[in-house]
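The values are calculated or read from the model by the stated rules, or taken from the named source; none is laboratory data. Nothing here was measured: the structure is a model prediction, and the numbers come from that model. Glycine also receives a Cβ, built like all others from the backbone with ideal geometry; neighbour counts cover every protein chain displayed. We work out accessible area using only protein heavy atoms, side chains counted, and drop any ligands, DNA or RNA first. Shrake-Rupley method; radii C 1.70, N 1.55, O 1.52, S 1.80 Å.
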Amino acid sequence: QVQLVESGGDLVQPGGSLRLSCVASGSIFRIYTMSWYRQAPGKQRELVASITNSGSRFAIDSVKDRFTISRDNAKNTVYLQMNSLKPEDTAVYYCNAGVEKGPAGGLVIYWGQGTQVTVFS
């Protein structure tokens, strides 16, 4: 089995910063794309940013000048550095990873349990 555990969510004032972390553990042969999603109350879950195992990054327009996704492949960890936070960034943030569990292949998508980010004034 594979587990994704997020951490770093907190209460923060507008303009503040947070760094989210997500560690993958378990039966892992290779991790492909790792992503951060978020879900605000009453809204659908949306992709925030993603990074491939070779380091190619993507971020949605509303965060790309403020958030930075990175990963440490040796630690099976993905990070989301969030700067200049706004109230509209308030959401539960979820980690997502495409994991190959063995050399025979077979990609499985795993999700973390989420971490709450609240931006309030």
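Below are the figures for this structure:
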read-out: Cα-based Kirkwood hydrodynamic radius, the stretch 46-106, one decimal, Å; value: 13.1
read-out: Whole-number percent relative contact order across the chain, with pairs defined as alpha carbons under 8 Å at least 6 apart; value: 36
read-out: Principal semi-axes in Å for the stretch 29-74 [√(5λ), Cα gyration tensor, largest first]; value: 22, 13, 7
read-out: Residues SER7 and THR118, FRET efficiency given R0 of 22 Å [Cβ-Cβ distance, rounded to 0.05]; value: 0.90
read-out: Compactness relative to 2.2 N^0.38 Å, alpha carbon Rg of the chain; value: 1.04
read-out: Within the accessible area of the stretch 1-91 (1.4 Å probe), percent carbon and sulfur; value: 46
read-out: Spatially near lysine pairs across the chain, Cα under 24 Å, sequence gap of 8 or more or different chains; value: 4
read-out: Range in the chain, longest, excluding exposed trypsin sites (Lys or Arg not before Pro) [loop by DSSP; at most 14 other beta-carbon atoms within 10 Å]; value: 65-121
read-out: Per residue value of the accessible surface for the chain (all protein chains in place, 1.4 Å probe), Å²; value: 52
